[in-house]
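Read-outs throughout are calculated quantities, based only on the coordinates presented, and are distinct from any laboratory measurement. Please read all numbers here as calculations on a predicted model, not as lab measurements. For neighbour counting, all protein chains shown are included, and Cβ atoms are generated from backbone atoms with ideal geometry for every residue, glycine included.
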Amino acid sequence: MIKKFVYGNPIETNAVVVPVEVSGDPIQYLSEIEMNGKIIFNYEMENDDIVYGLGEANGGLNKRGAVYRSFCTDEPNQTEDKASFYGAHNLVVISGMINVGFFIDCAGEVTFDIGYTSYNMMNIEPGTSDFTVYVIEGRSAYDIIRQFREMIGRSYIAPEWAFGYQQSRWSYMNEDEIREVVKKHKDAGIPLDAVYLDIDYMDGYKDFTVSEERFPDFPAFVKEMREEGIHLVPIIDAGVKVEPGYELYEEGRQYQLFCKKADGTDFVAGVWPGKTHFPDFMNTGARMWFGSKYKSLIDCGIEGFWNDMNEPAMFYTEDGVNEAKAYVQSFDFETNDPSRFFELKDKLTGLSNRRKDYESFFHNMDGKIVRHDQVHNLYGANMTRAAGEAFEQMAPDKRILLFSRASSIGSHRYGGLWTGDNQSWWSHLKLNIKMMPSLNMCGYLYSGADLGGFGCNCTRELMLRWLGFGIFTPLMRNHSAIGTRRQECYNLGDTEDFRSIISIRYSLIPYLYSEYMKACMKNDMLFKPLAFEYTSDNFARTVEDQMLVGESIMIAPIYEPNAIGRYVYLPEDMLLVVFKSSAVRRYQIMRKGMHYVTAAMNEVPLFIRKNKLLPLCRTSHNTDEMDTSMFEIIAYTDVNIEYTLYEDDGISKDYNNPENFVSFAIKDMDGVLGAVSNKTIVKLSLF
Ligand code: MIG
């Protein structure tokens with residue numbers, strides 16, 4: 001049951017696709033306080049209420065005890081105190097005696113104080129008086145989330161090749177470097193499906209250009225890589241370089257497609273290309289125009305993109321630099337005033353992404369002029385939309401890979417996301433684990449973090465453990481920053497262990513893809529907190545570092561250094577499978593309760609639920625070579641069970657074709673359980 005309450009005159013966010021009638025009743029559950037013309041909502045929580053939601057946010061699965069601010073922010077230093085990351089996902093769901101969800105449909109900033117100021121009080125503070133609140137009632141948090149997902153529409157569906165292992169690094173400078181990356185993976189027998197092109201592939205950081213010096217015959221190179229089984233995935237930045245003669249710049253200027261300052265001139269920020277204009281993604285024409293530009297790369301054979309810097313991130317503006325300069329000049333060495341010294345420092349470190357700059361430019365929302373900060377959270381989302389809608393036109397029958405850094409609910413229908421600039425820290429592996437279910441709640445199913453960490457230097461052990469979790473995330477990409485230790489697997493010591501772990505992923509892809517596709521089509525989650533299935537288990541309710549992945553398995557990733565294993569809580573009897581490689585495994589039936597499970601750093605444990613089965617295919621070097629005519633089945637059951645594997649060609653969009661649903665069954669056959677399927681079952685491991 002969803003009720004809609006409109007405040008003021010909200011800007012259309014495009015988040016909701018199933019219309020809900022405006023309720024005539026006063027809002028329920030929330031009390032309102034008016035302060036300076038703005039409304040703050042209060043909700044009183046019970047001691048053991050859990051608050052789910054907020055998608056790409058800091059902290060745990062339960063969001064209690066902290067303040068979160070939805071304001072898309074380029075935050076490469078994701079320490080525990082940070083309130084804003086790259087996404088703005090304004091859904092919170094209370095789970096307890098009362099189960100209720102609130103979606104604050106708002107284009108600008110919203111602050112959630114979830115028991116920080118006062119432990120049992122949740123305050124929700126939209127930064128404007130124009131927004132919509134959806135109040136969702138349901139039997140459980142999970143039920144509320146399913147209703148919410150239905151309301152916001154089906155999630156973006158990625159091509160199956162994007163479930164392969166992907167290698168990225170900011171600083172692959174030219175064709176030869178990429179050839180080397182591919183060759184070294186091949187030589188080490190490490191499967192690989194994609195290599196990313198970061199900003200250096202462009203000519204002078206100009207969107208939709210390719211440096212001729214670094215890539216003399218780009219279409220031929222794309223083809224060469226495709227023949228090696230590799231997809232190249234170029235980055236597209238939000239900003240357009242100011243450079244007379246550059247087509248994108250000239251067109252944007254001529255047709256008034258850039259964001260403007262109050263005086264009507266095009267707004268300028270300093271980003272990678274130097275002086276940069278921001279396309280006005282809030283404008284339909286600008287979206288169509290920018291979207292159409294992806295065609296030039298698609299025509300070169302490109303089948304996937306990542307959209308970056310679309311918060312939008314700004315290094316500086318002229319105003320900011322001038323203010324800082326004036327401050328520096330006025331700073332007198334003789335005056336020993338500590339507060340002025342700290343201000344001096346902040347003037348310089350605070351040059352990037354200044355609130356003042358976000359307040360100094362405007363969008364033309366199809367006739368309505370809106371100041372940027374009022375629609376800040378929609379900017380990146382509308383860049384994703386621009387690309388997604390263009391792909392529908394250019395390649396209506398083909399899935400193009402697309403994911404973005406900035407996002408806001410609604411953009412989940414056009415693309416996935418990656419969680420931006422994390423660090424090679426164990427705490428960020430843990431953050432990645434805890435964030436996945438929350439992202440799913442908000443509709444982001446094709447998602448993942450930079451495996452191994454983007455900033456800082458990764459260690460062999462951290463990478464192995466991170467991959468041990470990454471083999472379950474749809475986006476499985478190793479990405480790192482220029483200047484950090486090279487963290488391609490072959491640069492972290494003996495490659496055997498990496499090969500083994502990544503090979504597990506390739507035998508899991510049919511299952512993962514199947515569960516992902518079913519989750520997309522049924523507006524469900526791929527990563528589920530234990531509490532969503534084991535509803536009457538009070539301990540399962542508190543577990544944040546284990547989760548269900550699809551219907552058959554539970555995972556309990558290891559995220560501590562020097563660990564030889566970890567404690568795992570089993571909400572029911574399960575079959576432990578410890579993978580040493582795709583083919584080498586050990587099994588153990590474990591009873592409900594708490595256990596210490598050992599897994600060396602080159603091993604990955606997973607748990608098969610009681611009366612469930614897991615189909616595995618033989619591992620392969622890439623998804624092109626994946627053979628899904630034969631399966632091995634691991635099942636933990638003593639009764640008849642069934643599993644429906646969703647399988648299609650991985651690239652077209654005929655999702656509902658009945659042929660896509662393949663049945664696997666374990667059946668009693670004259671007193672013995674055996675496997676039945678249209679597929680060849682090469683082995684049944686029955687427990
Ligand atoms: O200012 O393109 O999050 O993945 O490698 C940094 C360079 C810009 C930020 C992205 C990161 C990417 C990097 N970009």
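Divide, for segment 389-479, the radius of gyration over alpha carbons by 2.2 N^0.38 Å, where N is the residue count.
Output field value: 1.17.
Highest mean first, what order results for 515-525, 442-452, 620-630, 428-438 on Cβ atoms within 10 Å?
Peptide ranking by packing, descending: 442-452, 428-438, 515-525, 620-630.
Within 15 Å, Cβ to Cβ, of G37, how many net charges do the neighbouring residues add up to if Lys/Arg are +1 and Asp/Glu are -1?
Around G37, the charge tally is -3.
Could you rank the peptides 329-338, 314-323, 398-407 by their average count of other C-beta atoms within 10 Å per residue, with the highest value first?
Per-residue Cβ counts within 10 Å, averaged per peptide and sorted highest first, yield 398-407, 314-323, 329-338.
For a quick size check, give me the Cα extents of segment 600-640 along its three principal axes, largest first, whole Å.
35, 31, 10
Please state, rounded to one decimal and in Å, the Kirkwood hydrodynamic radius that the chain gives when every pair of distinct Cα atoms enters the mean of 1/r.
Hydrodynamic radius (Kirkwood, Cα pairs) of the chain is 26.1 Å.
Using +1 at the C-beta of Lys and Arg and -1 at the C-beta of Asp and Glu, which of G674, H363, M35 has the Cα lying farthest in the positive direction of the dipole of the chain?
Toward the positive end, the furthest listed residue is G674.
How big is the Rg/Rh ratio for segment 339-447, C-alpha atoms only, Rh by Kirkwood, two decimals? Write down the numbers at each step before the final one.
Working: Rg = 18.1 Å, Rh = 16.8 Å.
My calculation of the ratio gives 1.08.
Could you tell me the relative contact order of segment 566-683? Use alpha-carbon pairs under 8 Å, at least six residues apart, and round to a whole percent.
The value is 20 percent.
Would you mind calculating the relative contact order of segment 491-595 from Cα pairs under 8 angstrom and at least 6 residues apart, reporting the percent as a whole number? Don't skip to the answer; put the middle values down first.
On the way: 124 pairs, mean separation 24.4, N = 105.
So the answer I get is 23 percent.
Can you check what the net charge comes to around Y327, using other residues whose Cβ is under 11 Å from the Cβ of Y327 (Lys, Arg +1; Asp, Glu -1)?
That works out to +1.
Considering just Cα atoms, how many Å³ per residue does the convex hull of segment 438-591 enclose?
Enclosed volume per residue, from the Cα hull, is 126 Å³.
Run the numbers on segment 456-511 and let me know its relative contact order in percent, using alpha-carbon pairs under 8 Å that are six or more apart. Provide the component values of the computation, followed by the final result.
Details: 32 pairs, mean separation 24.5, N = 56.
Relative contact order of segment 456-511: 44 percent.
For segment 519-655, what is the per residue volume of the convex hull drawn over the alpha-carbon atoms, in cubic angstrom?
Output value, Cα hull per residue: 146 Å³.
Could you work out how far the C-alpha centroid of segment 576-655 sits from that of segment 379-409, in angstrom?
Each part's Cα centre sits 32 Å from the other's.
In whole Å, what three semi-axes, largest first, describe the equivalent ellipsoid of segment 640-687 built from its Cα gyration tensor (square root of 5 times each eigenvalue)?
They are 27, 10, 8 Å, listed largest first.
Before rounding to the nearest 500, sum -39500 (n - 2.57) across all DSSP H runs of length at least 4 in the chain and divide by the residue total; then give [θ] at 222 nm in deg cm²/dmol.
-7000 deg cm²/dmol
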